[in-house]
2 protein chains.
Amino acid sequence: MGHGGGGALSAELVAGLFAPAYGGRTLAGLADSAVLELGGARLAFSTDSYVVRPLFFPGGSIGDLAVNGTVNDLAMSGARPAYLSCGFILEEGVEMAVVDRVAKALGAAARAAGVEVVTGDTKVVEAGRGDGVYLNTAGLGLVPAGVDIRPQRAVPGDVVIVSGDIGLHGVAIMSVREGLEFGVAIESDCAALGGLVEAMLAVTPDLHVLRDPTRGGLGAALNEIAAAAGVGVVVNERSVPVPPEVANACAVLGLDPLYVANEGKLVAFVPRGEADAVLAALRAHPLGAGAAVIGECVAEHPGTVVARTAFGGTRVVDLPMGEQLPRIC
Amino acid sequence: MGHGGGGALSAELVAGLFAPAYGGRTLAGLADSAVLELGGARLAFSTDSYVVRPLFFPGGSIGDLAVNGTVNDLAMSGARPAYLSCGFILEEGVEMAVVDRVAKALGAAARAAGVEVVTGDTKVVEAGRGDGVYLNTAGLGLVPAGVDIRPQRAVPGDVVIVSGDIGLHGVAIMSVREGLEFGVAIESDCAALGGLVEAMLAVTPDLHVLRDPTRGGLGAALNEIAAAAGVGVVVNERSVPVPPEVANACAVLGLDPLYVANEGKLVAFVPRGEADAVLAALRAHPLGAGAAVIGECVAEHPGTVVARTAFGGTRVVDLPMGEQLPRIC
């Protein structure tokens, strides 16, 4: 299960098995989406499969995830998301009303994100060879001229900003899956970030890195960036926005909020001179109201993420081995 | 199971559930791929999921299918296939050697087809919630200027050409799945058709319709074209190239070769004046050596496919309800 978790085992699978098998140059970039040229257009192209359990959860559904997850991967290249494909793998016997509800959620999420589902496919497998509905979406977007956002562009001096409260998606899924209640209802943050990225790009096209910390959470995202760019990252643990209900739930469940999945947040590496303006632009947008500076990019300890703890000490934030929570997205 | 079979139930699902849920205009075109404009480029975009059982079969594997199936959907719009995404859904416990073998087959097929796998994703589900490996690929291609190939362009007078022997893929899968032997080894025709379509376009850009008769076979493909264009189709049953080993296997298995899936064939609707030249171009290509004229497009019985039988009679070739063979691709 760890190989699907977005942590070290997933990275090993891509670097050790898929990249050599496919050859080519683009997959090795390891960004959320590939950026390529076709017919004179500069395009972002990305895919994700979705196997979340349960199909419907507080704050969203597999249909919302399938749109927002792929749209966000495109947006993390600075692209304006435009078109989606969608493949359903149905388990024999799943109720048509469930399929209909998923498709309607997907359609509504696409309209909200300003993208169009233009091509699709449906396969059916026998009962016991699936789990109701699995989805895959692939997305296409247009990268504006002058925009070059990718993990390799992080440089010492960059300010690290997160767009809001972390841990909501993973905790929402776990609370409904395990039937837990934490006093306050916890909803997934599942949302499309295309508009938020546009607002940031309106301030400056020179954003260095954007990443949506999904599987593996903020901890995995920062490790991937540090490794790709050969830089160190220092996080001020006290500055990371963890809502009290997430902190409480993580304490009960034995989870570290830094590794819990988000589906409507982004982390940005921004040149120091642009950081205040970008932060202001984030906070002026409904999806970035809780944005905060959480750390900086440094020349020391390349490839390693270090947290300054609330007590003045430091600790290494490792790449998680797998996902703490299976089938989170 | 029938809803995944590429027949009437699949069509009902798209028209009655997915198209209304997503809205938009492009899905309603019901071509093998969507053709769209982005950044001034005219692109074809398509997706398919692959759940074939077994993963490896005579003549190919799920990895070959995942490349060739999506590449062919692009080629059926006249596009030159360029880029693929690939999503794996792994069942917990599948051997890494199997995943590696699938990925290598996929990489080799991509190189053979002249496309690059540029973005991917891996999810893992619990044992008993999958079947080893499911794949999804989405593909991107560039549509040459002046090319407009889609089911709606079929007109009375068009000549209907098939590029070679039908039924090989479905019979190859069934023979290995059921442990049947038919004297002669039957291999899947799984192949990428981008080069064959380029050879046809070199003769004339004015091809009206191309379709690869996969799930539901030639019978479903012709019915879909007849319905989309509001034309009748007449097939001369004696002219349809059915190899004797396929005919024998179909007799044993109780199948109609017209409905058996192909993975390396195409059917073309071509203006009468271009038919001889297109047929010659097909026959000059290794993947089109067995090409044959099998019928014509007529103004009578719009939406209906009629076969002239070997005995001089006629019969209606219905859209099949589902797939005769589940999980064929």
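The values are calculated or read from the model by the stated rules, or taken from the named source; none is laboratory data. Because the structure is a prediction, the values reported are computed rather than measured. Cβ coordinates were reconstructed from backbone atoms using ideal geometry, including for glycine residues, and neighbour counts include every protein chain displayed. Protein only, heavy atoms only, side chains kept; ligands, DNA and RNA dropped before computing areas. Shrake-Rupley method; radii C 1.70, N 1.55, O 1.52, S 1.80 Å.
General remarks:
- Equivalent ellipsoid dimensions for the stretch A:197-271 as semi-axes, Å, which come from the Cα gyration tensor, largest first: 25, 15, 11
- The stretch B:240-329: projected area of the alpha-carbon convex hull, averaged over directions, in nm²: 7.7 nm²
- Fully extending the segment from residue B:97 to residue B:251 would add 51.7 nm, taking 0.36 nm per residue of separation and subtracting the current Cα-Cα distance.
- Mean projected area in nm² (Cα convex hull; one quarter of hull surface) for the stretch A:51-113: 4.7 nm²
- 7 Å along Cα→Cβ, label-point gaps from residue B:179 to other copies, nm, shortest first: 4.4
- Partner shielding of B:76-87 amounts to 4, given as the average count of beta-carbon atoms from other chains within 10 Å of each residue beta-carbon.
- About the Cα centre, charge dipole magnitude for the stretch B:31-142 (Lys/Arg +1, Asp/Glu -1 at Cβ), debye: 280 debye
- Straight Cα distances below 22 angstrom link residue B:265 to the lysines A:123, with same-chain residues fewer than 8 positions distant left out.
- Each 10 Å bin from zero up to the one holding the largest Cα-Cα distance in chain B carries the following percent of pairs: 6, 27, 37, 24, 6, 1.
- Loop-located chymotrypsin sites (Phe, Trp or Tyr not before Pro) in the stretch A:230-329, at most 14 other Cβ atoms within 10 Å (DSSP): A:311
- Dipole of chain B, positive direction: furthest Cα of B:136, B:252, B:204, with charges on the beta-carbon: B:204
- Only the Cβ atoms of Lys and Arg (+1) and of Asp and Glu (-1) were treated as charged; on that basis the dipole of the protein assembly as shown about its Cα centre amounts to roughly 620 debye.
- Share antiparallel - DSSP beta bridges, the stretch B:31-142, percent rounded to 5: 75 percent
- For the protein assembly as shown, with +1 on Lys and Arg beta carbons and -1 on Asp and Glu, the positive-most of A:151, B:57, B:261 along the dipole: A:151
- Taken over the alpha carbons of the stretch A:32-142 as equal point scatterers, the Debye sum produces base-10 log I(q)/I(0) values at 0.09, 0.10, 0.16, 0.21 Å⁻¹ of -0.24, -0.29, -0.68, -1.05.
- Spacing of the two label points (7 Å from each Cα toward its C-beta) at residue A:187 and residue B:202, in nm: 5.9 nm
- Rg/Rg_globular for the stretch A:151-316, with Rg_globular taken as 2.2 N^0.38 Å and Rg from C-alpha atoms: 1.00
- Largest first and in whole Å, the equivalent-ellipsoid semi-axes of the protein assembly as shown read 47, 25, 21, each the square root of five times a Cα gyration tensor eigenvalue.
- Cα centroid separation, the stretch B:261-329 to the stretch B:225-256 (Å): 8 Å
- Rounded to the nearest 10 square angstrom, residue B:245 shows an accessible area of 50 square angstrom against a 1.4 Å probe.
- Full-extension gain in nm, residue B:236 to residue B:56, via 0.36 nm per residue minus C-alpha separation: 61.3 nm
- Debye, to nearest 20: dipole size of chain A, +1 on Lys, Arg Cβ, -1 on Asp, Glu Cβ: 340 debye
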